[in-house]
Amino acid sequence: MSLERIDAIDRLLPQTQCERCGYPGCLPYARAIADGAADIDRCPPGGDETIAALARLLDRPVRPLAADLEPVEPGTAADIDESRCIGCALCLPVCPVDAIVGAAGYMHTVIARQCSGCELCIPVCPVDCIAMVVRAGDTARVDSIRADDWRRRFALHNERKEAEARAAELRRRQRRERNGTGRTWDDA
């Protein structure tokens, strides 16, 4: 599997990072396609347009979206009913492009133009205050400029999560050293 091939496949994907394909982002799905572990018909946000583009690139036959997947309406974004938001902040870490802003204990909102429409925030909301809405005038299924922005934002999101994990591990190690037991209450 060549990196150029993976990059070419990844560039054809819409970069919503929605995980509907069964992979934790567009790049892992692109790797799986390049490896032959996944077929080209598993990207609902990309729809027929992306499947056809992947088929051309890989010299494979065009096929419909996999039967176990639901089609996705293009141009949708999450919208938080701010009057119902309790500020739990559960939606913040799951947004792969960091399009949701707010802080624990405060109301949250979605920056609609940055939202990829992945829907990952919906199931974590305990008060069901997040809904998908169609962005006015946004009917493009695949937009390379927006996809590049989402790819960049996803990479930054993952870098931040990794840095937070390293910092948490360092704090755990320091607590162990301070109390001399080698274990802390949060070692599970």
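Based on the mean of other Cβ atoms within 10 Å per residue, sort peptides 89-96, 62-69 so the most packed one is first.
Highest mean packing first, the order is 89-96, 62-69.
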- Message: Explain nothing, just the number: relative contact order of the chain, from Cα pairs under 8 Å at least 6 residues apart, as a whole percent.
- Response: 21
- Task: Provide the FRET efficiency to the nearest 0.05 for the Ala131-Ala89 pair, computing r from the beta carbons and using R0 = 22 Å.
- Result: 0.75
- Query: What are the principal axis extents of the Cα atoms in the stretch 1-56, in Å, biggest first?
  - Reply: 25, 24, 17
- Query: What does the charge count near Pro61 come to, summing +1 for each Lys or Arg and -1 for each Asp or Glu among other residues with Cβ under 14 Å from its Cβ?
  - Reply: -1
- Task: With just the Cα atoms of the stretch 35-124, tell me how far they stretch along each of the three principal axes, in Å, largest first.
- Result: 51, 24, 21
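I'd like to check one number: the per residue accessible area of the stretch 43-114, probe 1.4 Å, reported in Å² as a whole number.
On the way: 3820 Å² over 72 residues.
For the stretch 43-114, the per-residue accessible area is 53 Å².
Report, to the nearest whole %, how much of the accessible area of the stretch 1-79 belongs to carbon and sulfur atoms, 1.4 Å probe, protein only. Each step should come with its number before you reach the end.
On the way: 1950 of 3870 Å².
For the stretch 1-79, the apolar C and S fraction of the accessible surface comes to 50 percent.
Calculated FRET efficiency, Arg5 and Ser144, Cβ-Cβ r, R0 30 Å, to nearest 0.05? All intermediate terms of the calculation are to be shown ahead of the outcome.
On the way: r = 18 Å, r/R0 = 0.61.
Using R0 = 30 Å, I get an efficiency of 0.95.
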- Message: Taking C-beta distances below 4.7 angstrom as the pairing criterion, name the unpartnered cysteines of the chain, in sequence order.
- Response: Cys21, Cys26, Cys43, Cys85, Cys88, Cys95, Cys115, Cys125, Cys129
- With runs of 4+ DSSP H residues as the only contributors, calculate the mean residue ellipticity of the chain at 222 nm using -39,500 (n - 2.57) per run, divided by the residue total and rounded to the nearest 500. -12500 deg cm²/dmol
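Ratio of alpha-carbon Rg to the 2.2 N^0.38 Å globular estimate for the chain, to two decimals, please.
Details: Rg = 19.3 Å, N = 188, 2.2 N^0.38 = 16.1 Å.
The value comes to 1.20.
The values are calculated or read from the model by the stated rules, or taken from the named source; none is laboratory data. Worth saying up front: this structure is predicted, and the values here are computed from it rather than measured. Positions of Cβ are generated from backbone atoms using ideal geometry, with glycine treated the same way; all protein chains shown enter the neighbour counts. Each accessible area value is taken on the protein alone, full model and side chains, heavy atoms only, with ligands, DNA and RNA left out. Shrake-Rupley method; radii C 1.70, N 1.55, O 1.52, S 1.80 Å.
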